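Remarks on the structure that follows.
Each reported figure results from applying straightforward, stated rules to the coordinates on display, with no laboratory input. Since this is a predicted model, take the numbers as computed values, not measurements. Cβ coordinates were reconstructed from backbone atoms using ideal geometry, including for glycine residues, and neighbour counts include every protein chain displayed.
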Amino acid sequence: MLVVFQAVERTWDGQKITCMVHSKGFRPTWIFGVAALVACGCAPTSPLRGVQGTVTLEREPVASGTIEFTPVNGTKGAPAGAAVENGSYLVPQAHGVRVGGTYKVSIVAMKKTGRKVEGFGGKDGKPLDEFAKYIPDEYNSASKLTVRVTDDPVNHIDFPLKKDGSWNSGAGGSGGTP
């Protein structure tokens, strides 16, 4: 049995009265609701996929940085990226990379040098900590890292980096291929 509630407004002696009316039975408006739900479930799936994994340098998790996937070799779409926190990153599917696409990967991380920078202080005028990039250029400005995205809902790709600029591509994880 289908019970439908509907608000009905009527005017009685110049005053507006709202009543809740229910009826048993089938209403044509339900056809449209069911059709909309079915259509949503049958819509084409997104061509985008999420990417997640780890970033380590000499087997130590990269504490804080960024990772960016830039389309190459005719891959369409915008670059995708994420923060690297405690050695992990996650690019959600909604902002992800295209299935079958090839992407150049750039990884940047900074750390304190132990020095202070004069002249760039905050409101109090105190010098600020100096930061420097510590991941080799082979992984960012001169990156030759590329990955290919698979049809998995989330591609798991790890980046075990080395200070000499090499990358153990065999540790790419499941999903995307290095």
Residues of type lysines that residue 163 reaches as a straight line, Cα spacing below 30 Å, ignoring anything fewer than 8 places off in the same chain: 104, 111, 112, 116, 133, 144
Relative contact order for segment 48-171, counting Cα pairs under 8 Å that sit 6 or more residues apart, in percent: 31 percent
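Mind sorting 159, 69, 131 by how few other Cβ atoms lie within 10 Å of their own Cβ, fewest first?
The fewest-first ordering by Cβ neighbours comes to 131, 159, 69.
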Footprinting exposure proxy for 59, 115, 49 (fewest neighbouring C-beta atoms within 10 Å first): 59, 115, 49
Cβ-defined net charge surrounding residue 60, 13 Å radius [Lys, Arg +1; Asp, Glu -1]: +3
Sites residue 99 and residue 128, calculated FRET efficiency, Cβ-Cβ separation with R0 30 Å, nearest 0.05: 0.10
